[in-house]
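A short worksheet on the structure shown next.
The values are calculated or read from the model by the stated rules, or taken from the named source; none is laboratory data. A quick note: this is a predicted structure, and the numbers were derived from the prediction, not measured. We place every Cβ from the backbone using ideal geometry, glycine too, and count neighbours over all the protein chains shown. Heavy atoms of the whole protein, side chains included, go into the accessibility calculation; ligands, DNA and RNA do not. Shrake-Rupley method; radii C 1.70, N 1.55, O 1.52, S 1.80 Å.
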Amino acid sequence: MADKNPQEAAASPESMRTTEPGLKRLFLTLSVLFSFILGFPFLWKSVEIYRSEISLMETNPSLSFPFHFQALFFNFNPDLNPHHLKLSILDQITKLTSDSPPQCGTNNNLTTLSVTLHSNKSHCTHDTNFYPCGANAISAVDFDSADEDVDELLSSVFRGKNIYTVAVVNGGGDGIRVVVGKYRHAWIVGGFDFEEEEDLASRVAEIFVKVFVNGGRDQGLIHGEFMPVGADGRIVLSFNLLNAEPNDWVYDWDFQRIDESVLAPIMEVLGPIANISVESQVLYHTPKSSFSYWDEKQNSYIFNTKDLPFFVNSNEWHLDTSIAAGGRSKILQFVVYVPSAKECPLRLQLPNGEISKTNGFISPMWGGAIVLNPRSCLKDFESKQPQRHIMSPEDLQEVFEVFLGQFRQLFGLKSDNIYVGESGTFHLLPSERGFTEWELDVLSRQHTCFNLHSCVTTLESLSRLVQSLPRMIIMDEIGKQVQLSLEAAKLAQSNASQGVYESSAVSSRQARSLAEDAFFHPSIMSVSYYSFEHCFAVYSPFFLPVLMHVLLAAVREWRRYKKEKAKYLAWKKIK
């Protein structure tokens with residue numbers, strides 16, 4: 001056999017190749033790799049979470065309500081300087097506000113005071129023009145008339161003015177009588193000496209601060225968590241007539257009559273503060289949970305204030321039948337409890353040992369209850385049918401007057417018409433609508449502060465929630481609700497700074513409701529959002545193994561191609 005060419009012998013398959021390596025295998029491998037890489041953005045887009053733009057700008061919940069006061073003095077010594085009297089009253093106002101806890105919206109820098117002194121028909125001095133000299137309409141008021149008549153006459157003089165007025169009349173005997181009207185004015189009638197300027201200023205300042213600003217409460221405005229208004233600005237008044245033992249007697253009522261005559265005016269005047277709806281029901285077989293004992297001295301069954309936490313029988317009293325029970329509205333329960341013959345009459349004993357005149361009590365944030373004893377506690381054992389009674393209009397009126405007092409207490413106001421202050425006792429005229437104008441001002445300011453504070457707190461919580469969950473769904477509706485809430489809050493602050501209390505209460509209620517709607521939106525409560533770590537844990541078991549094999553195959557094929565290419569180039573060089 002002939003010997004091989006040395007060049008051909010050197011071109012072994014391990015070191016050289018005579019043909020150029022193809023790109024088909026490399027192209028296919030890289031195509032699979034690049035398809036995975038190019039498909040990754042589409043995969044990421046498919047799991048993208050929609051997030052609407054939310055303008056959670058910082059909102060300052062602080063408020064400053066302006067207070068305009070005027071004091072009118074009649075039949076006083078002409079030597080009394082109105083400017084000095086004004087300074088004395090302002091000093092007393094500053095002292096009273098500094099001694100009490102700080103309140104939302106009060107600012108002494110926004111307090112204005114006008115003092116007008118009428119010494120006689122021909123002599124009058126004043127320092128501002130709230131009620132200037134020459135305005136003799138008030139001189140026709142006879143302060144010795146009935147308080148209701150004086151109140152209406154003063155209302156005709158000051159109607160339409162958002163100014164709190166105190167009229168001081170020198171004369172009328174030795175005693176001093178202080179009356180606060182249904183509107184925004186009060187009057188003091190009595191005999192005063194020239195040397196009693198400090199005492200006079202103290203009385204006027206106490207009416208301004210303790211009554212017109214604080215609402216007749218010893219402490220300041222009650223805390224927001226005790227406000228009986230739902231997060232959506234609604235209150236449901238649920239009235240329940242409970243017959244403990246219908247086998248003894250059954251009581252019923254004509255609720256529609258009392259709804260139209262008593263409750264409708266209350267719902268109207270409280271409209272800026274809350275949207276109030278009313279419902280009623282009559283229940284049977286509803287015994288109380290607490291025990292009572294017989295008292296020979298009182299000749300009745302007694303339950304005391306220690307038993308009140310156990311009086312409401314939540315197992316037998318099915319009170320939450322309202323369609324709003326599952327929502328964010330506030331339900332206030334008002335219960336008329338008719339005891340059985342075994343514990344009739346049933347009376348409430350106060351801690352001081354006296355029997356309650358109303359025979360009722362309140363539970364903050366829940367409502368109130370009244371025990372209604374039948375006129376005769378003797379059961380007719382011969383009758384097989386229970387005795388049926390319809391509450392008379394007089395009894396209904398008396399019961400709902402107590403309910404009105406309890407309702408006022410739940411709002412933090414006084415249930416009686418007497419205010420005992422440092423300078424004496426003030427008589428507060430009641431309103432047929434349940435709330436006087438100055439009390440509605442107090443409630444409006446109070447709820448404006450609480451609603452704006454709640455609105456800001458809710459929006460800040462939403463902001464923290466959105467920032468902590470970057471893959472949480474944020475719908476366009478949520479962003480719109482947040483924007484409308486901020487606009488309503490700014491409008492409430494603007495109205496408050498101008499002293500428009502009702503409008504500020506309405507706007508603040510809307511701001512709080514919209515903030516709550518945004519925070520509790522169904523899309524936020526959904527479980528469809530998850531973190532990036534969760535997304536990685538879901539998709540990595542499928543994509544990582546496949547991607548690793550494709551990547552290793554591409555690297556291996558690339559190395560093979562380079563090696564084969566080197567062999568071909570070596571053979572080509574030798575050739």
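Overview of results
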| read-out | value |
| --- | --- |
| Residue that is farthest from L23 (Cα to Cα), among those in the stretch 545-575 that are open to solvent by less than 80 Å² (accessible area, probe 1.4 Å) and under 60 Å from the mean Cα position of the chain (by Cα) | P545 |
| Spans of strands (runs of 3 or more DSSP E) in the stretch 232-351 with at least 2 residues free of Cβ contacts under 8 Å to residues at least 60 places away in the same chain | 275-284, 293-295, 300-304, 346-349 |
| Test set (1) within 19 Å of T165 (Cβ to Cβ); (2) surrounded by 14 or more Cβ atoms within 10 Å (Cβ to Cβ); (3) modelled with pLDDT of 85 or more; (4) not basic (K, R) - A135 fails condition number | (3) |
| Residue, farthest from T29 (Cα to Cα), within the stretch 547-558, restricted to residues that are modelled with pLDDT of 80 or more and hydrophobic (A, V, I, L, M, F, W, C) | M548 |
| In the stretch 254-292, residue most open to solvent (accessible area, probe 1.4 Å) [restricted to those that are of a type in the set (F, W, Y) and closer than 23 Å to S314 by Cβ] | F291 |
| Residues satisfying the stated conditions in the stretch 90-132, i.e. at pLDDT below 70 and hydrophobic (A, V, I, L, M, F, W, C) | C124, F130 |
| Test: V466 is open to solvent by 10 Å² or more (accessible area, probe 1.4 Å), part of a helix (DSSP H, G or I), within 21 Å of D232 (Cα to Cα) and not hydroxyl-bearing (S, T, Y) | no |
